[in-house]
Number of protein chains: 2
Amino acid sequence: MLHPWYVTGLVEGEGSFVVSFNKRPKLRVGIETRPSFSLSLSERDLDLLKAMQNFFQCGAIRYSRSDRTYKYEVRSVADLARRIVPHFEKYPLAGAKGEDFRKFAEIVRWVHANHHLNPDYLRKIIELAYSMNPSGQRRYAKDDLLRLLGEMKG
Amino acid sequence: MLHPWYVTGLVEGEGSFVVSFNKRPKLRVGIETRPSFSLSLSERDLDLLKAMQNFFQCGAIRYSRSDRTYKYEVRSVADLARRIVPHFEKYPLAGAKGEDFRKFAEIVRWVHANHHLNPDYLRKIIELAYSMNPSGQRRYAKDDLLRLLGEMKG
């Protein structure tokens, strides 16, 4: 059984809080909001990822053949809101990742309350998400999403 | 102040236990043994490295311009033996790095007792060190060091 502070320390180094977006013409706002929490480790640490999954009691583990790592990932908004976010509020990240987490937690709360289906909230979510994870790659430019959102509202 | 289990978790992901060797013709055994513990983080986490240094009450922080990271490193054998090794024996690593650590701790104890100046012990140290950190790069091939050691003994 992992100690909760150990979990926070491991996530400080190797964890990732990301909010990504997909274009979904069938949605009224035209854009799907997808928050996720993940942790990637080399294949020799599969047991450790299983212990993380057991600790949080949610999420899935998948193998990435390209970089020979296993990734533990939680995408369920209910699990993020009820299990992931509360852990890192009780045992906070001490480094720069803590700032990412605080933005992530705000977005998860909004999405859990279905605010992401409201164009004004979604605009705030997009702005906040694009201010996270400076080194991450994005499928869409922020302005592209905001323009699409403007079109959907009209 | 960092929680000791948080420190172990962060090191599980980002820390490194390494034993390297240098050829030193002036030493009787011809080879210098250098154990070190280090942790590299991006420049936005310099404060966190300072908190680690404060936690362990030893070691130094240096900037690596090539990859824009800061590295916290402990090389003093006395500090490794009295501050670093005891921490990870009390708050053990849960993943594959724990196996590296156990070998590292054994070598640090031998070096701290000056056994690395004895050719038979040094042979065991070299064998153990080269079974650590499978992905690491080495300046010398193991057989090269063992051959040199054989010549010095003769």
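The values are calculated or read from the model by the stated rules, or taken from the named source; none is laboratory data. Quick caveat: nothing in here was measured; it's all calculated off a predicted structure. When we count neighbours, we look across all protein chains shown, and the Cβ atoms used for this are built from the backbone with ideal geometry, even at glycine.
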| Just a yes or no: is a residue in the range B:92-100 in a helix (DSSP H, G or I), closer than 28 Å to A:Leu49 by Cβ and more than 16 Å from the chain's Cα centre (by Cα)? | no
| Looking at this structure, is A:Leu128 within 16 Å of the chain's Cα centre (by Cα), over 28 Å from A:Ser42 (Cβ atoms), among the aliphatic types (A, V, I, L, M) and part of a helix (DSSP H, G or I)? | yes
| said: Out of A:Glu43, A:Glu12, I need the residue that is touching a Gly at 6+ places or on another chain (Cβ under 8 Å) and either among the acidic types (Asp, Glu) or on the phi > 0 side of the Ramachandran plot (or both). Which one? | reply: A:Glu12
| said: Just the residues that are of a type in the set (D, E, K, R) and buried (at least 16 other Cβ atoms within 10 Å of the Cβ), please, taken from the range A:107-123. | reply: A:Arg123
| Odd one out for A:Leu49 among (1) over 20 Å from B:Ala94 (Cα atoms); (2) buried (at least 18 other Cβ atoms within 10 Å of the Cβ); (3) not charged (D, E, K, R) | (1)
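Does B:Arg75 satisfy being of a type in the set (D, E, K, R) and either in contact (Cβ under 8 Å) with a residue 40 or more places away in the chain or touching a helix residue (DSSP H, G or I) at 6+ places or on another chain (Cβ under 6 Å) (or both)?
Against the criterion (of a type in the set (D, E, K, R) and either in contact (Cβ under 8 Å) with a residue 40 or more places away in the chain or touching a helix residue (DSSP H, G or I) at 6+ places or on another chain (Cβ under 6 Å) (or both)), B:Arg75 qualifies.
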| Top-ranked residue in the range B:14-51 [being out of contact with any strand residue (DSSP E or B) (no Cβ under 8 Å at 6 or more places or on another chain) and free of Cβ contacts under 8 Å to residues at least 40 places away in the same chain; ranked as nearest to the other protein chains (Cβ to nearest Cβ)] | B:Arg44
| Taking B:Val74, is it aliphatic (A, V, I, L, M), out of contact with any Asp or Glu (no Cβ under 7 Å at 6 or more places or on another chain) and at pLDDT 95 or above? | yes
| query | What are the pairs, 6+ residues apart or on separate chains, where a residue within the range B:81-96 that is within 12 Å of another protein chain (Cβ to nearest Cβ) has its Cβ under 7 Å from a residue that is of a type in the set (D, E, K, R)? | reply | B:Leu93/B:Glu12; B:Ala94/B:Glu12; B:Gly95/A:Asp45; B:Gly95/B:Glu12; B:Ala96/A:Arg44; B:Ala96/A:Asp45
| Has the range B:58-67 got any residue that is modelled with pLDDT of 95 or more, within 12 Å of another protein chain (Cβ to nearest Cβ) and buried (at least 17 other Cβ atoms within 10 Å of the Cβ)? | no
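For every residue, the table says whether it meets (1) in contact with a helix residue (DSSP H, G or I) (Cβ under 6 Å, 6 or more places away or on another chain); (2) among the polar types (S, T, N, Q).
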{"residue": "A:Ala96", "(1), (2)": "yes, no"}
{"residue": "A:Val108", "(1), (2)": "yes, no"}
{"residue": "A:Leu117", "(1), (2)": "no, no"}
{"residue": "A:Tyr121", "(1), (2)": "yes, no"}
{"residue": "A:Lys124", "(1), (2)": "no, no"}
{"residue": "A:Ser131", "(1), (2)": "no, yes"}
{"residue": "A:Lys142", "(1), (2)": "yes, no"}
| request: Output the residues belonging to the range A:46-58 that are of a type outside the set (A, V, I, L, M, F, W, C) and out of contact with any Lys or Arg (no Cβ under 8 Å at 6 or more places or on another chain). | output: A:Asp47, A:Lys50, A:Gln53, A:Asn54
